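The values are calculated or read from the model by the stated rules, or taken from the named source; none is laboratory data. Please read these numbers as outputs of a predicted model, since none were measured by experiment. With ideal geometry, Cβ positions are generated from the backbone for all residues, glycine too; neighbour counts draw on all protein chains shown. Heavy atoms of the whole protein, side chains included, go into the accessibility calculation; ligands, DNA and RNA do not. Shrake-Rupley method; radii C 1.70, N 1.55, O 1.52, S 1.80 Å.
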Amino acid sequence: MSSPDAAATAAAEDATTTSETAKDDAKDKPKLSSYDPEMKVTHVRTERTFKGGIQGRGLVEYNLVYHRMPTGTDAGKADAPVMNSMCTYNGVMYFKGTIDSLSTTEGELIFTITGTWGKDGNMAAVGEWEMIKGTQTGGFKGIDVKLLNGGYDSKGKKDTPCWMVIE
């Protein structure tokens, strides 16, 4: 695999994304099984605005699985809030906009997303995304890239730094 195009990577590194709306069905989290009531599943939808090297809007659908809390802690009780506990998530992001060094004409892409919240006690969302090949439209249609991926690390910031790697 070739190394990323430095110009394409750098152009998209100054991007930020802001979550504008979110729906969390946390109060309706179903039990995954009868023998592990601490595990919860949540579905979240967010709309995002991208600025900088990535310009546009995104709609993201996440599924989160909250990890089991240590036995003997208040958070380990079946009906205790799961706030500040670690979760792993995956999802799909629909993006409409432009990405510097890739296309100045608006287009659409779809990405898969994987990430964590609260890993190692850090209250931050850390995620990675990868373009689903064949989903390019508009200004992205016909662009030949081997790999288009990126990610973000919220670290509690309102405007979350994000990046793209284009090969």
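What the table shows:
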{"item": "Solvent-accessible area of Lys155 with every protein chain in place, 1.4 Å probe, in Å² to the nearest 10", "result": "130"}
{"item": "For a label point 7 Å along the Cα-to-beta-carbon line of Ile143, residues of region 101-117 with backbone N under 15 Å", "result": "101-111"}
{"item": "Environment charge of Phe95, counting only residues whose C-beta is closer than 10 Å and scoring Lys/Arg +1, Asp/Glu -1", "result": "+2"}
{"item": "Cross-link table Lys119/Lys158; Lys40/Lys155; Lys96/Lys158; Lys51/Lys155; Lys96/Lys119, entries beyond 25 Å C-alpha to C-alpha", "result": "Lys96/Lys119"}
